[in-house]
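Novice: The structure's right below; bear with me while I get my questions together.
The values are calculated or read from the model by the stated rules, or taken from the named source; none is laboratory data. Remember, it's a predicted structure, so these values are computed and weren't measured experimentally. Here Cβ is always computed from backbone atoms with ideal geometry, including for glycine, and neighbour counts include all displayed protein chains. Heavy atoms of the whole protein, side chains included, go into the accessibility calculation; ligands, DNA and RNA do not. Shrake-Rupley method; radii C 1.70, N 1.55, O 1.52, S 1.80 Å.
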Amino acid sequence: MRTKRSILLPKAQKALSTFGENIKLARLRRKYSAEQVAERANISRPTLLSIERGNPSVSIGAYVKVLFVLGLEKDFAQLAKDDALGRRLQDAKLTIKERAPKIKKTRTTDGDKE
């Protein structure tokens, strides 16, 4: 059975590769073997190596498991925390609409509304 290949833009692929490289460096700084991290994250060693290469076909769940094993779960929470561009776009579209004053309806002497 043929697997689907994920196609990313070069900039996105570079970001994912950098992310994987950072995960590998974090693992090496902690002096964990690939086998130890894979076992603790409950993933296979080839999956861990794919993560460290920045392979886009690996599920985000596997990335998160590895981050938890390395104690970097707080870093994951920071990924999209401050969306400066999104906030500017949102603020640009915010317009304050002023409502016209309500017209008070008065009754005439014969009970009809004006």
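Novice: Give me the number: length gained by fully extending Ser33 to Leu8, i.e. 0.36 nm times residue separation minus the C-alpha to C-alpha distance, one decimal in nm.
Specialist: 6.1 nm
Novice: Considering the chain as a Gaussian network with a 10 Å cut-off on Cα pairs, which listed residue, Arg29, Arg53, Arg40, attains the greatest mean-square fluctuation?
Specialist: Maximum among the listed residues: Arg29.
Novice: Related question: GNM, the chain, Cα, under 10 Å: largest mean-square fluctuation among Lys104, Lys31, Lys65?
Specialist: Maximum fluctuation in the GNM of the chain, among the listed residues, is at Lys104.
Novice: Related question: Looking at the chain, I'd like the Rg to Rh ratio, where Rg is from alpha-carbon atoms and Rh is Kirkwood's inverse mean 1/r.
Specialist: 1.50
Novice: At 1.4 Å probe radius, can you tell me the per residue accessible area of the chain in Å²?
Specialist: About 88 Å² of surface per residue is accessible.
Novice: Something else about it: Compute the helix-to-body angle for 60-69: its Cα long axis versus the longest principal axis of the chain, expressed 0 to 90° and rounded to tens.
Specialist: Roughly 60 degrees, rounded to the nearest 10.
Novice: Quick one: pull the percent of accessible area on the chain belonging to carbon and sulfur, 1.4 Å probe, ligands and nucleic acids left out.
Specialist: Result for the chain: 54 percent of the exposed heavy-atom area is carbon or sulfur.
Novice: Which of Gly54, Thr106, Pro10 sits closest to the plus end of the dipole of the chain, meaning its Cα is farthest towards the positive end, when Lys and Arg get +1 and Asp and Glu get -1 on the C-beta?
Specialist: Positive-end residue among those listed: Pro10.
Novice: Here's another thing I want to ask about it. Top mean-square fluctuation among Ala12, Ala62, Ala84, Gaussian network model of the chain, C-alpha springs under 10 Å?
Specialist: In the Gaussian network model the winner is Ala84.
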